[in-house]
Amino acid sequence: MSAPTLYLFDRFDNRLGILSPVGSVTHAEEIGGEDTIEFDCLMAPEKGDRLLWRDPDDGVWREHVVVRTDEPLAESAHVYAESCLCELLGDFVEEAQLVKKTAEQALVAALATSRFTVGEVGVDTDTHGALLYHTNALAALRRVESVWGGEAEAELTVSDGRVTTRTVNLPERRGKWRGARFTYGKNMASCTRTVLEDEVYKALYGFGKGSRCWTRTAIPPAATRAGSRSATSTAA
């Protein structure tokens, strides 16, 4: 597609300006799978920066997160960015026992630790159950899709050139068939610096073995004091 205007923000939503691609921007989206944009530019953005743009095909605002850049020496940088839903990988769901819940209630639980809110839910109102345990919010969202049905999508509200709200809708079905795309290549002979998309987490979430051993006086037995730790005693 022709290059849309890419508004550049840092990971804290501070506006940095406009990023100018060299050539076209490739947008690839798969229901329940990848939602990426790729393009070349003279100055590479930082990993984690946000790209806000309006899709010329449907007029919908979209936001993508820079996860990888390839920066050859004295050449244009190649930028690879994923849908803003990828930030849910950094939101931790400790435990949510969903028993006889509707899809909307399940979606609320999956997004509880994130900055996304629940939007329109178009699946049926039947109740189901699932356990969301020690996982990230994106995996929890995919679990909700598999149990309750629907195809999740992010929706943005933009005001004064910046995102004001981020919601997740769960319609029964979305998208349309646009054919297939095949990419291939061989005999690559160049030197390229690649900033990997792997996230580095600096905080650790400690857990015990999950069982408590206490006497009636609320004192752990001597044999288990050293070897057994509860979730609260080991929390960091």
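Miscellaneous remarks
- Unmet requirement for ALA130, which otherwise passes all of (1) over 16 Å from the mean Cα position of the chain (by Cα); (2) not in a strand (DSSP E or B): (2)
- Residues in the range 24-39 that are assigned to a strand (DSSP E or B) and either over 20 Å from the mean Cα position of the chain (by Cα) or without any contact (Cβ under 8 Å) to a residue 12 or more places away in the chain (or both): SER24, VAL25, PHE39.
- Qualifying positions in the range 1-23 - in a strand (DSSP E or B), free of Cβ contacts under 8 Å to residues at least 40 places away in the same chain and open to solvent by 70 Å² or more (accessible area, probe 1.4 Å): LEU16, ILE18
- Selection within the range 29-77 - under 28 Å from LEU170 (Cα atoms), among the hydrophobic types (A, V, I, L, M, F, W, C) and buried (at least 16 other Cβ atoms within 10 Å of the Cβ): ILE37, LEU51, LEU52, TRP53, VAL65, VAL66, VAL67
The values are calculated or read from the model by the stated rules, or taken from the named source; none is laboratory data. Note that the coordinates shown come from a computational prediction; the quantities given were computed from them, not determined experimentally. In this analysis, Cβ positions are derived from the backbone assuming ideal geometry, glycine residues included, and neighbour counts consider all displayed protein chains. Heavy atoms of the whole protein, side chains included, go into the accessibility calculation; ligands, DNA and RNA do not. Shrake-Rupley method; radii C 1.70, N 1.55, O 1.52, S 1.80 Å.
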